[in-house]
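This report concerns only the one structure given below.
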Amino acid sequence: MVESTMAASLSSYIKEGMKESSRIFYSEASKLNTSFLSRIPCHPTTLVFNITDNCNSRCITCRQWRHASVGEMDAGEAGEVLAQARAIGIRNIEFAGGEPLLRKDLPAIVKIADDLGFADLSITTNGLLLTEERAVSLIENGLDGFSISIDGTAAVHDTVRGVKGGFERSTGALRTLIGLRDSRYPGLAITIGTTVMKPTFPEIPKMVDLARELGITCGFNLLNTSLYFFRDVDTAELWIPADERDRLDDLVAELHRIKSTHPGLISKSYSSLEYMKDYFQNPRREDIPCHLGYEKVYVGPHGEVYSGCWALPPMGTVRETPLPEIVSSEAYRQRLKEMFLKQCPGCSCNYSTNLLYHLPSLCHELKWRVKGRLARIN
């Protein structure tokens, strides 16, 4: 029985890998000879849409809230971006910010996206403005999932987010969503998102416990100051220092154990959990090529188009040049090559995506999946 179950797990993993086998091959080959870079397919499937740079949190990790963003795209312009994204094969839209719920026209924009036939529509929010009425409006207009940012228990979260009572309001939003999922919208995806840094990493097990209690998923981001909205942040009290390495290693080992016994509880892959251990000593990770530009397109609130990376300058603006023209340009393709070769500041954005096409990480993932399967059987 054990052998047959392990075989099924291995077979499933191999099938997943085979879907992207050519990309993995050319990725590994490009590390030896950059001429292979031109063979890596560029068919982005996800648009991350920062619908506003305005925010009602006062996070210690961000400076964007210190000034008002004006002249942002209206719903009509946002709809045109979405239509152009659909035309180039984008299937998934992730609405973010800033705080996207500050946009009163957000339900209308979600409706435009839903009418265009995207496969998945999700939002990342602090939850401070998420009443049941607003949640229902977004869901009824086509939103499929919510990620609520929570950075620890009450005292830690409120300090990090700079909003007194923010923890109660954000967890209240979570419970509202869970009530809607359980009563009316059974397919609704709900996730807690926590940023891993010095003040929060001791809180991570508590966040996993909260997710388990509520019957939702827990995910993690890594502190990052290279992105345009996180720059100029003093990380002296936020970065996990080398002398905390043992505690961080212990946390990762605990998360591996939890994921092995509760596979749907933690959204990150095993290799993504392992990535945490070295990130704070070497955040650039030159050994792992960046594939984000091949997978994702980012658009800012004024129409700025980014090559799957908020750390590098935009490649243009949709207010001047259509999205398909920007993404198909030689300059855009050259940017993807530079990102692949880590000719960039480095960041922690969507590092899980890069690990999917990194052969050593795939091998580690397979090892951990087999161990997790055995743990559940035994």
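The values are calculated or read from the model by the stated rules, or taken from the named source; none is laboratory data. Just so you know, these numbers come straight off a predicted model, no measurement behind them. Every residue, glycine as well, gets a Cβ built from its backbone with ideal geometry; the counts of neighbours run over all protein chains shown. SASA here: full protein model, heavy atoms, side chains in, ligands and nucleic acids out. Shrake-Rupley method; radii C 1.70, N 1.55, O 1.52, S 1.80 Å.
Observations on the structure shown:
- Of all residues in region 185-208 being part of a loop (DSSP other than H, G, I, E, B) and in contact (Cβ under 8 Å) with a residue 12 or more places away in the chain, the one that is surrounded by the fewest Cβ atoms within 10 Å (Cβ to Cβ): GLY187
- Test: residue in region 360-367 that is in contact with a Leu (Cβ under 7 Å, 6 or more places away or on another chain) and either hydroxyl-bearing (Ser, Thr, Tyr) or open to solvent by less than 10 Å² (accessible area, probe 1.4 Å) (or both): yes
- Among residues of region 228-241 that are on the phi < 0 side of the Ramachandran plot, none has a beta-carbon under 6 Å from a residue that is of a type outside the set (Val, Ile, Thr) and modelled with pLDDT under 80 at least six positions away or on a different chain.
- Identity of the residue in region 61-84, open to solvent by 50 Å² or more (accessible area, probe 1.4 Å) and within 22 Å of the chain's Cα centre (by Cα), that ends up modelled with the highest pLDDT: TRP65
The rows are residues; the columns are (1) farther than 20 Å from PRO186 by Cβ; (2) part of a loop (DSSP other than H, G, I, E, B); (3) among the β-branched types (Val, Ile, Thr); (4) open to solvent by 40 Å² or more (accessible area, probe 1.4 Å).
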{"site": "ILE123", "(1), (2), (3), (4)": "no, no, yes, no"}
{"site": "GLY142", "(1), (2), (3), (4)": "no, yes, no, no"}
{"site": "SER147", "(1), (2), (3), (4)": "no, no, no, no"}
{"site": "PHE167", "(1), (2), (3), (4)": "yes, no, no, no"}
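- Evaluation of LYS104 against (1) open to solvent by 30 Å² or more (accessible area, probe 1.4 Å); (2) out of contact with any Pro (no Cβ under 8 Å at 6 or more places or on another chain); (3) outside any loop (DSSP other than H, G, I, E, B); (4) more than 16 Å from HIS302 (Cβ to Cβ) (one fails), failing number: (3)
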